[in-house]
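Please read the structure below before turning to the comments.
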Amino acid sequence: SCCYLSRRLNQLSSHDPLWKRHCKKYWLISEEEKSQRNQTWKAIFISTYSDLGRYIRYYATLKKAWDDLEKYLGQRCPRMIGSLKESVREEDLDAVEAQIGCKLPDDYRCSFRIHNGQKLVVPGLMGSMALSNHYRSEDLLDIDTAAGGFQQRPGLKQCLPLTFCIHTGLSQYMALESVEGRNKYEIFYQCPDQMARNPSAIDMFITGTSYLEWFTSYVNKVVTGGYPIIRDQIFRYVHDKECVATTGDITVSVSTSFLPELSSVHPPHYFFTYRIRIEMSKDALPEKACQLDSRYWRITNAKGDVEEVQGPGVVGEFPIISPGRVYEYTSCTTFSTTSGYMEGYYTFHCLYYKDKFFNVTIPRFHMVCPTFKVSTARMEPNHNEYAVDEDEDSTDTDEYEDRRRVLDIPAPSGRCPRHT
């Protein structure tokens, strides 16, 4: 606009270094990309703005998140990178809005202009979780598959699935309108209310307030090592750096995770899994080698109720720990309150001095349910008015159901060895 006021401002507005700053700030254009295009910085900015201008508030943040994620996973989970889809066009996103009858938020649209989610494969980009008889791995849905799973039924009106797990049928949804007690663009796991008379009563475990916050916070957890990479998969365990205890040469640390697919608000049943790492210092003397004999747990819920558990070994094993060796295992617990904590000790015996026994402290670790919302339909007395056609009595599309039938995946039992 300034270029039309005077000759000097006209010259200034064409000064390429000024446009270089904007290209790097808003579009993350590098010197190498600029040389490949063989255009001035001003021309690059204008052409990019004509295509992505509506996303100028979000593009740099989301592009950096995607670039950081690709770089990190390229070194650790290369097959996951191969599952990512190319970007979509503006007209594709417009067509989806026309199909579902709702506007998509600009931050969501912007992300899909960079990558159109991923193929429905395992492992999923949005994290995995595994127990002895339960497995979850969430894919980031492409725009067409997400549109096919768009919900209009009571309980999930105007909700678009963002993720999907082919093993459990679990999805994270984004609310496209402020209905049924949800905030617009809120992201959540659905949690059917098993105690309500109204079948459309669906509680929600909240995982994000906007797509930008939800996606970038997840990526930050991944690329900073907050979520560990195990067997080429992202596992959504959270480790508290203070949750470490050292007894002699042995260090015990704990990571935890909440499992929404095995939890419910009504009745109150909150399912957590924890991963324990037991490590002996590599500088320890060889005669310090020892074997785990038993475990003791003291489990306290938010009401102060205490349960004590004692038993042989861990997960049916009696691991031997020697200098530099690490032993890890996974177990789980449930609470009837939204939070609780566990602590205890392991009893070991020395391999060189078999009559010598000692205890190793397990640090106290807390487990807290994420924020949740109770369904506004919970107290509705007459559930007949919310009757749902069989074709709509699922949060999954027919495509999802077909995939599950083809894979012949059994339904999760929700049970696992506890307090091991």
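The values are calculated or read from the model by the stated rules, or taken from the named source; none is laboratory data. Fair warning: this is a prediction, and the values are worked out from it, not measured in the lab. When we count neighbours, we look across all protein chains shown, and the Cβ atoms used for this are built from the backbone with ideal geometry, even at glycine. Heavy atoms of the whole protein, side chains included, go into the accessibility calculation; ligands, DNA and RNA do not. Shrake-Rupley method; radii C 1.70, N 1.55, O 1.52, S 1.80 Å.
Tabulated results
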| quantity | calculated |
| --- | --- |
| Amide hydrogen neighbours beyond the local backbone of T163, cut-off 5 Å, H modeled | L141, Q172 |
| Rh (Kirkwood; distinct C-alpha pairs) - the range 217-268, Å | 13.3 Å |
| Packing rank of 130-138, 85-93, where each peptide gets the mean count of other beta carbons within 10 Å, highest leading | 130-138, 85-93 |
| Cα-based equivalent ellipsoid, the range 58-221: semi-axes from gyration tensor eigenvalues, Å | 25, 20, 14 |
| Cα centroid separation - the range 24-42 against the range 306-367, whole Å | 55 Å |
| Residue-level accessible surface for C350, protein heavy atoms, 1.4 Å, Å² | 10 Å² |
| Rg(Cα) / (2.2 N^0.38 Å) computed for the range 1-150, rounded to two decimals | 1.32 |
| Span from the the range 75-89 Cα centroid across to the the range 113-142 one, whole angstrom | 12 Å |
| With Cα atoms, 0 to 90° folded angle of helix 398-407 axis to the chain main axis | 40 degrees |
| Degrees between helix 59-76 axis and first principal axis of the chain (Cα, 0 to 90, nearest 10) | 40 degrees |
| P(r), alpha carbons of the range 141-260 - 10 Å bins starting at zero, rounded % | 12, 34, 30, 16, 6, 2 |
| Built amide H within the under 5 Å cut-off of Y185, gap 5+ | A175, L176, E177 |
| Probe 1.4 Å, all protein chains present, accessible-area order of Y227, Y55, largest first | Y227, Y55 |
| List K20, K282, ordered by accessible area with a 1.4 Å probe, largest first | K282, K20 |
| Dmax and Rg, reported as Rg then Dmax, of the range 7-51 (C-alpha, Å) | 10.5, 32 |
| Evaluated over the chain, the Cα radius of gyration and Dmax, each in Å | 25.9, 93 |
| 21 Å tail of the calculated P(r), the range 63-133, as % of Cα pairs | 38 percent |
| Length-normalised contact order of the chain in % [C-alpha pairs under 8 Å, at least 6 apart] | 14 percent |
| The range 250-391, Rg to Rh (Cα coordinates; Rh as Kirkwood inverse mean 1/r) | 1.18 |
| Paramagnetic reach from L351 in the range 234-259 [backbone N under 20 Å; point 7 Å along Cα→Cβ] | 247-252 |
| Interatomic Cα distance distribution for the range 241-299, bins of 10 angstrom, percent | 17, 37, 27, 14, 6, 1 |
| Reach of K241 by Cα under 22 Å, taken over lysines that are not fewer than 8 positions away in the same chain | K221, K282 |
